[in-house]
Amino acid sequence: MSHDAIVLLKNDHQEVRKQFRAFRKAGLTPVQKQTIVDSILELLTVHTYVENEVMYPRVRQLLPDLEDDVLESYEEHHVADVLCMELATMDATDERFDAKTTVLIENVEHHMEEEEQEWFPKVREGLGRKQLQELGEELLEARKRAPRRPEQPSAMKKAVDAVIS
């Protein structure tokens, strides 16, 4: 298995998309929807954590020309984090559950598409294979300590502010 950071992150994206497709299936029961959304929340929480804690700060340090892209990604993560935190407190029978999940999916799909089509190629071009492998190792280590449920806003904001400063 490749430990290339971009390959690992794209694999995460594939797993997230799989859950998005599952949610969009017609005729799901509230229990099925809740199970799928719980899976989405865990996948996104872990993925966001490893990008915020490892990928973005390291790329920002190694490729300063991509700083604006990194800052935009932090903001896109913030929007997804807020939606995840709200969904984590909801039940699938809540009248806004489906709508909120749909907005989350749309936002995350846009973010993943931008990363894959624009940002990842720039990172791959700017970093060598060895650096991407090392970054991948760091991502795997961060994944072990990553939270599995959305964090409270103050904890997430504090973590992001510390990285950006």
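Compared with the dominant Cα axis of the chain, that is its longest principal axis, helix 5-24 is turned about 10°.
Note on region 79-143: Rg/Rh from C-alpha atoms, Kirkwood Rh, equals 1.16.
Helix 153-164 and the long axis of the chain differ in direction by around 20°, with both axes built from C-alpha atoms.
Which angle between 0 and 90 degrees, to the nearest 10, do you get for helix 97-114 versus the longest principal axis of the chain when only C-alpha atoms count? Compared with the principal axis, the helix lies near 20 degrees. Projected onto their three principal axes, the Cα atoms of region 8-96 cover extents of 47, 23, 16 Å, largest first. In region 106-151, taking the dipole from charged Cβ atoms about the Cα centre, the farthest positive-side position among GLY136, MET112, GLY126 is held by GLY136. Close Lys pairs in region 5-164 (alpha-carbon distance under 26 Å; sequence gap of 8 or more, or different chains): 21.
In plain terms, the chain from THR89 to GLN32 could stretch by 18.9 nm, reckoned as 0.36 nm per residue minus the Cα-Cα distance. Each Lys and Arg contributes +1 and each Asp and Glu -1, all at the Cβ; summed about the Cα centre of the chain, the dipole is approximately 680 debye. For ASP68 and ARG21, the difference between the fully extended length at 0.36 nm per residue and the C-alpha to C-alpha distance is 13.8 nm. Here, the chain is characterised by an Rg to Rh ratio of 0.98, where Rg is the alpha-carbon radius of gyration and Rh the Kirkwood radius.
Read-outs: derived from the displayed coordinates by stated rules, not from any lab. On a predicted model such as this, the values are computed, not experimentally measured, just so you know. Glycine also receives a Cβ, built like all others from the backbone with ideal geometry; neighbour counts cover every protein chain displayed.
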